[in-house]
1. Considering only residues that are part of a loop (DSSP other than H, G, I, E, B), under 17 Å from residue 85 (Cα atoms) and either free of Cβ contacts under 8 Å to residues at least 24 places away in the same chain or in contact with a strand residue (DSSP E or B) (Cβ under 6 Å, 6 or more places away or on another chain) (or both), which ones fall in the range 9-41?
2. Can you name every residue in the range 17-40 that is surrounded by 15 or more Cβ atoms within 10 Å (Cβ to Cβ) and closer than 20 Å to residue 65 by Cβ?
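FYI, it's all coordinate maths here, none of it is from the lab. As the structure is a computational prediction, the values presented were derived from the model and not from experiment. FYI the Cβ positions are ideal-geometry reconstructions off the backbone, even for glycines, and counts take in every protein chain you see.
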């Protein structure tokens with residue numbers, strides 16, 4: 001199990017991108033959350049096995065018909081508590 005924080009930049013707010021992220025994560029049994037950041041990026045916190053996380057990141061690059069992903073930065077973290085679902089959290 002890998003824990004990672006993912007930052008997606010580009011045209012990713014106000015275009016259904018977080019809904020796409022949540023839908024894909026839930027279909028792939030990934031735990032974590034997604035939120036909009038005040039700088040225009042979307043932050044995604046994930047817990048998944050390595051192959052599932054790789055597949056999930058591919059879906060992040062595709063996004064929605066209205067979104068345009070310019071960059072994805074992945075920061076791997078030490079696995080702490082195990083989450084049990086994937087949620088949308090308030091923006092910061």
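1. 29, 30
2. Selection gives 17, 18, 20, 21, 22, 24, 25, 34, 36.
Every residue, every condition in (1) at negative phi; (2) more than 12 Å from the chain's Cα centre (by Cα); (3) exposed (fewer than 15 other Cβ atoms within 10 Å of the Cβ); (4) assigned to a loop (DSSP other than H, G, I, E, B), yes or no:
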| residue | (1), (2), (3), (4) |
| --- | --- |
| 7 | yes, no, no, no |
| 43 | yes, no, no, no |
| 52 | yes, yes, no, no |
| 73 | yes, no, yes, no |
| 84 | yes, yes, yes, yes |
